[in-house]
Amino acid sequence: MRTALLLALMAPFCCAQTIPVESLFQPASLSGTWKHQIGDDPRWADPAFDDSAWPGVRMPEGAVQPGNGFSWYRFRVRLPQTMPSEPLALMIGGFGSSQAYEVFWNGQRIGSAGEMDGRGGGLVVPAPRVFRIPAPVRDAVLAIRLRSATMPFAYPLDPDHRRTWLGAQQPVGALVEVWRGDRLRGAQPQLLIAASLLIPGFLFFLLQLWRREANEYFWFGLWLICSTSLRVLQVYPEALGIELSLVSSWAVALGKLGSILLFSTLVGVLFQGKASTTVRVTVGTLMVLVLSQILMATSGRSLPVSFADGADTVIMLSIGFVYYELGWRTAKAADKMPGVHAATIAYIASMGFTYATALVWRNESFHNASVFVRTAGLLLFSFAMAILMNQRSARLLGERQRLSGELASAAEVQSLLLTSLPTAGDLFRIYPVYLPASEVGGDFYQVLERPDGARVVLVGDVSGKGLKAAMLVSVTVGMLRRESSSSPAQILNGLNEGLIGRTGGGFVTCCCVRFDADGTVTIANAGHPSPYCDGREVEVEAGLPLGIAAGVEYSELVMRGERLTLVSDGVVEAENAQRELFGFDRTREISTKSAQEIAEAAKAWGQNDDITVVTVRRAEC
């Protein structure tokens, strides 16, 4: 009696469960007890196969996730006597992420979803598929062969969206649209947050078109776009057109790798690459983890879920560590804004909480909530980073404005030093032109009067550029203003001794010329380009530049001439777009022209250094 009772209780599970369908004019749910077996055997598609030893599972609530490998589901369908006139269709709601399957109706294969041979991916989203039923019979066996692969992420569905339906083709097709609408409505909160992230991401990306010096906005925009796309992929991959798990594995792995690289580049730009060895090792480790995911994707497999969750946790903690190293610990006090760091901590905490919880609690209801929390955390962190960059940009702008003001003041002082010409009287006509390559320059010229009516003209060039060169020019001009000698050689000797130890490792070139009333010209040179007299280059000995060695003696050349032109090397070294120098020959050919014409010709050729030209001629010439 007990044995009979036990057999009676087990009878529903000893053979293929029959699911009766009362009407097919409206789609009928095929929920109920299905037989399930892990493994693979082509005979299991045969309707005559004895599956009485298979365990039963309640579908769709009890869908089994067998991990990597194959499994089968079977059940019997009893159709009603009255059938619709249009063809019948079967809608499979989906079993789980990264699963491919093929469907057999009474032993006949009627379709498949995903790649069953393992070379491609399964369905990354368990989206419904509709299969047309051949000529129906009253009793039929539905068999489903399933291939599963473990994914480091999942797109779960509630049981209602995993149902299998049978009915007339048009009503069943309408159920698919309802399914897609429900899924879109469920993802709307995350998609709205993603849209609020993508729009500023593209704006930051394009901002560099107007602010080319602000590289951090470009990298922040790229990072924000990449990170947001990764969030969209995790909750609604249909928006990116991804359906196969292999493609999705590539997308997730590359997205994580791109996020790491872009974030590392961003903080490097923000804080001038002040990365410790620990930061570089951490970023390298993250890249190895992500590259391992890419290698697994190329083989058609996925990382174990526990390993993937662990890798994601390491990535999350490492991003926080990199931010701390580059954005907090090594930043100046002005960068330490409590609001920014509080938002960053909230972002890292949200990621840490969801990843850590996923390690011990993995179910369908948690998935969407965790992605929502992480996406909201990303939005908060993005606001923090935007504040940080705007504060940095404002500080740098103020610094640039301050430096620009200082340079303008230095240029004004330098202009006063160079343009204070003495009265030339009736004997000489002196015309100087000075065109600095930037706000302040390293060229200089001076015209000194002597009691006997002679004039001493000097043109020089300080090595280097910017404020340092301008300061050395001021020192040199100050020495010249105190010089009482009329001898060009003695003037250069005195300058050389005075500049020893004051050039900061640089040097000064200078050509010094004395003009006497009787037309005599005396020249001494310290490493400067030779002057031009009446259209010819003067062959004067080029001595050692000033400030290099003590005890140097400079020689003098005495000659006569009516018109003398002195230039700096910015004239002869002017370079055009074809990298051709203006050169000595062209300079010689135009040396009889006015100082303004010579300077403008060199500038038009291609100025890349300070240009100084001084022409001197006797008044009666």
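The values are calculated or read from the model by the stated rules, or taken from the named source; none is laboratory data. As the structure is a prediction and not an experimental result, all values here were calculated from the model. Ideal geometry is used to build each Cβ from the backbone, glycine not excepted, and the neighbour counts take in all protein chains shown.
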* Ala577 passes all but one of (1) among the aliphatic types (A, V, I, L, M); (2) surrounded by 24 or more Cβ atoms within 10 Å (Cβ to Cβ); (3) assigned to a loop (DSSP other than H, G, I, E, B); which number fails? -> (2)
* Which pairs have Cβ atoms under 9 Å, sit 6 or more apart or on different chains, and link a residue in region 601-621 that is assigned by TED's automatic domain parsing to the domain that holds Thr565 and without any contact (Cβ under 8 Å) to a residue 60 or more places away in the chain to one that is in a strand (DSSP E or B) and among the acidic types (Asp, Glu)? -> Trp605/Glu575; Gly606/Glu575
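Here is a yes/no grid of residues against (1) under 53 Å from the mean Cα position of the chain (by Cα); (2) in a loop (DSSP other than H, G, I, E, B):
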{"residue": "Glu541", "(1), (2)": "no, yes"}
{"residue": "Glu553", "(1), (2)": "no, yes"}
{"residue": "Val571", "(1), (2)": "yes, no"}
{"residue": "Thr592", "(1), (2)": "no, yes"}
{"residue": "Lys603", "(1), (2)": "yes, no"}
{"residue": "Asp609", "(1), (2)": "yes, yes"}
* To do: Please work out which residue is nearest to Pro488 (Cα to Cα), limiting yourself to region 543-586 and to residues that are in contact (Cβ under 8 Å) with a residue 40 or more places away in the chain and of a type in the set (Lys, Arg).
  => Arg560
* Asked: Counting only residues that are more than 10 Å from Phe444 (Cβ to Cβ) and hydroxyl-bearing (Ser, Thr, Tyr), which one in region 467-488 is modelled with the highest pLDDT?
  -> Ser487
* Asked: Considering region 88-116 alone, what residues qualify as being at pLDDT below 90, touching a helix residue (DSSP H, G or I) at 6+ places or on another chain (Cβ under 9 Å) and part of a loop (DSSP other than H, G, I, E, B)?
  -> Gly93, Gly94, Phe95, Gly96, Ser97, Ser98, Gly114, Glu115
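Sort through Gly464, Gly453 and tell me the only one that's under 22 Å from Ala574 (Cα atoms), assigned to a loop (DSSP other than H, G, I, E, B) and modelled with pLDDT of 75 or more.
Exactly one residue qualifies, and that residue is Gly464.
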* Inspect all residues belonging to region 59-76 and state whether any of them is on the phi > 0 side of the Ramachandran plot, surrounded by 12 or more Cβ atoms within 10 Å (Cβ to Cβ) and either modelled with pLDDT of 90 or more or in the same structural domain as Asp117 (by TED's automatic domain parsing) (or both). => yes
* To do: Taking Leu142 as meeting all but one of (1) assigned to a loop (DSSP other than H, G, I, E, B); (2) within 24 Å of Arg43 (Cα to Cα); (3) at pLDDT 75 or above, write down the number of the exception.
  => (1)
* Just one of (1) assigned to a loop (DSSP other than H, G, I, E, B); (2) closer than 21 Å to Ala127 by Cβ; (3) not β-branched (Val, Ile, Thr) trips up Ser71, so point out which. => (1)
* Asked: Exactly one of (1) of a type outside the set (A, V, I, L, M); (2) under 30 Å from Lys603 (Cβ atoms); (3) modelled with pLDDT under 90; (4) in contact with a Gly (Cβ under 6 Å, 6 or more places away or on another chain) is unmet by Gly561. Its number?
  -> (4)
* Of the criteria (1) assigned to a loop (DSSP other than H, G, I, E, B); (2) within 54 Å of the chain's Cα centre (by Cα); (3) farther than 17 Å from Arg132 by Cα, which one Asp50 fails -> (2)
* **Cβ pairs under 7 Å, 6+ apart, first in region 494-523 and assigned by TED's automatic domain parsing to the domain that holds Arg450, second basic (Lys, Arg) and part of a helix (DSSP H, G or I)** => Gly504/Lys468
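Answer with yes or no whether Val513 is among the aliphatic types (A, V, I, L, M), over 19 Å from Gly551 (Cβ atoms), in contact with a Pro (Cβ under 8 Å, 6 or more places away or on another chain) and outside any helix (DSSP H, G or I).
Details: among the aliphatic types (A, V, I, L, M): yes; over 19 Å from Gly551 (Cβ atoms): yes; in contact with a Pro (Cβ under 8 Å, 6 or more places away or on another chain): yes; outside any helix (DSSP H, G or I): yes.
Considered against the rule, which asks whether it is among the aliphatic types (A, V, I, L, M), over 19 Å from Gly551 (Cβ atoms), in contact with a Pro (Cβ under 8 Å, 6 or more places away or on another chain) and outside any helix (DSSP H, G or I), Val513 comes out as yes.
One line per residue, one yes/no per condition, for (1) within 18 Å of Gln190 (Cβ to Cβ); (2) at pLDDT below 75:
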{"position": "Leu230", "(1), (2)": "yes, no"}
{"position": "Tyr236", "(1), (2)": "yes, no"}
{"position": "Ala239", "(1), (2)": "yes, yes"}
{"position": "Val247", "(1), (2)": "no, yes"}
{"position": "Leu262", "(1), (2)": "no, no"}
{"position": "Leu266", "(1), (2)": "no, yes"}
{"position": "Thr278", "(1), (2)": "no, yes"}
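Any chance you could count how many residues in region 543-558 are exposed (fewer than 14 other Cβ atoms within 10 Å of the Cβ) and either at pLDDT below 90 or among the small types (Gly, Ala, Ser) (or both)?
Initially, region 543-558 is screened for residues exposed (fewer than 14 other Cβ atoms within 10 Å of the Cβ), giving 549-551, 553, 555, 558.
This time we only want the ones that are either at pLDDT below 90 or among the small types (Gly, Ala, Ser) (or both), so: 549-551, 555.
Within region 543-558, residues that are exposed (fewer than 14 other Cβ atoms within 10 Å of the Cβ) and either at pLDDT below 90 or among the small types (Gly, Ala, Ser) (or both) number 4.
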